[in-house]
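Notes for the one structure printed next.
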Amino acid sequence: MPYIVNTSSRILTSITLIGAQENDFFENSRDATPMKQLYDFFPVLFFFIAYKFFGIYVATGVAIAATFLQVGISWYRTRKVATMQLVTLAIIIVFGGMTLYLHDEQFIKWKVTVINWLFGGAFLASHIFGKTTAIERLMGSSMLLPGPVWRRLNLAWVVFFLFLGGANLYVMSHFDRDTWVNFKVFGILGLTIVFIVVQTLFLSRYITESDDE
């Protein structure tokens, strides 16, 4: 049905790289154009390309530099930087820096888990302490849902973020480096798309075609 497709599109736009919003951590995604989504992904893409040609340590340095550049571009364009962009930058500096300084790839692998669990913790904190959940702040401007549905949706993302962090730990502990890199770049994206499709089917019962007009 058209409204299911529209719902899926809204969710994909709102959730793509949560935390890379230009205005604030919980800013809505009305400006999340395809070009901006590509801009959000470019540190990951640069990491993957550098890894394929030069290995994990050069790729780690490239990821740190690309994240610095991303934050710099955001500051230059808007004179402000999203909270989670700064947090992500700090995390990659710490874990990437430890990877390079100690020549130990485990630190950059742990970064994926730390960031996902941080997102999960932030969403959970908004659920417990906030008047409005994190997911409603991100998507509320483009979708009208009952309050209990927003809360269930928010908890679903908490579980999903925690799951991704755990899955990353499993992959990095039981598989080789190439498999982990592919999981980081493609596996997490695939899992996110599957999760969004299931979420869309759940939300479709609460959204009518008239909401999209």
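The values are calculated or read from the model by the stated rules, or taken from the named source; none is laboratory data. Bear in mind the structure is a predicted one, so any value in this text is a computation, not a measurement. Neighbour counts are summed over all protein chains in view; Cβ atoms, including those assigned to glycine, are modelled from backbone coordinates with ideal geometry.
Of everything in segment 157-184, what is surrounded by 16 or more Cβ atoms within 10 Å (Cβ to Cβ) and within 25 Å of residue 82 (Cβ to Cβ)? Give them in sequence order.
157, 158, 160, 161, 162, 164, 165, 168, 184
Considering only residues that are of a type in the set (Ser, Thr, Tyr) and surrounded by fewer than 16 Cβ atoms within 10 Å (Cβ to Cβ), which ones fall in segment 136-151?
Selection gives 141 alone.
Restricting to segment 67-90, give me the number of residues that are surrounded by fewer than 18 Cβ atoms within 10 Å (Cβ to Cβ) and over 18 Å from residue 45 (Cβ atoms).
10
For segment 164-188, enumerate the residues that are more than 14 Å from the chain's Cα centre (by Cα), more than 14 Å from residue 111 (Cβ to Cβ) and not polar (S, T, N, Q).
Those that are more than 14 Å from the chain's Cα centre (by Cα), more than 14 Å from residue 111 (Cβ to Cβ) and not polar (S, T, N, Q): 166, 167, 170, 174, 175, 176, 177, 178.
Can you pull out the residues in segment 123-135 that are aromatic (Phe, Trp, Tyr) and either in contact with a Gly (Cβ under 7 Å, 6 or more places away or on another chain) or surrounded by 14 or more Cβ atoms within 10 Å (Cβ to Cβ) (or both)?
Listed by number, the list holds a single entry, 123.
Would you mind telling me which numbered condition in (1) at positive phi; (2) surrounded by 13 or more Cβ atoms within 10 Å (Cβ to Cβ) residue 120 fails?
Of (1) at positive phi; (2) surrounded by 13 or more Cβ atoms within 10 Å (Cβ to Cβ), only one is false for residue 120: (1).
Scanning segment 85-98 for residues that are touching a Gly at 6+ places or on another chain (Cβ under 9 Å) and within 13 Å of residue 63 (Cα to Cα), which turns out modelled with the highest pLDDT?
Looking at the filtered set, the residue picked out is 96.
Would you tally the residues in segment 71-91 being under 22 Å from residue 49 (Cα atoms) and without any contact (Cβ under 8 Å) to a residue 40 or more places away in the chain?
Residues flagged as under 22 Å from residue 49 (Cα atoms) and without any contact (Cβ under 8 Å) to a residue 40 or more places away in the chain within segment 71-91 amount to 5.
Free of Cβ contacts under 8 Å to residues at least 24 places away in the same chain, over 20 Å from the mean Cα position of the chain (by Cα), under 20 Å from residue 116 (Cα atoms) and surrounded by 12 or more Cβ atoms within 10 Å (Cβ to Cβ) - does that describe any residue in segment 45-66?
For segment 45-66, residues free of Cβ contacts under 8 Å to residues at least 24 places away in the same chain, over 20 Å from the mean Cα position of the chain (by Cα), under 20 Å from residue 116 (Cα atoms) and surrounded by 12 or more Cβ atoms within 10 Å (Cβ to Cβ): absent.
Could we say that residue 131 is free of Cβ contacts under 8 Å to residues at least 24 places away in the same chain, out of contact with any helix residue (DSSP H, G or I) (no Cβ under 8 Å at 6 or more places or on another chain), within 26 Å of residue 82 (Cα to Cα) and basic (Lys, Arg) here?
Considered against the rule, which asks whether it is free of Cβ contacts under 8 Å to residues at least 24 places away in the same chain, out of contact with any helix residue (DSSP H, G or I) (no Cβ under 8 Å at 6 or more places or on another chain), within 26 Å of residue 82 (Cα to Cα) and basic (Lys, Arg), residue 131 comes out as yes.
Specify the residue that is modelled with the highest pLDDT; the eligible residues are those in segment 202-213 that are loosely packed, with under 14 Cβ neighbours inside 10 Å and not in a helix (DSSP H, G or I).
That would be 208.
Mind listing whichever residues of segment 104-113 are assigned to a helix (DSSP H, G or I), farther than 17 Å from residue 187 by Cα and without any contact (Cβ under 8 Å) to a residue 60 or more places away in the chain?
If the condition is that a residue be assigned to a helix (DSSP H, G or I), farther than 17 Å from residue 187 by Cα and without any contact (Cβ under 8 Å) to a residue 60 or more places away in the chain, then 107 is the only one that fits.
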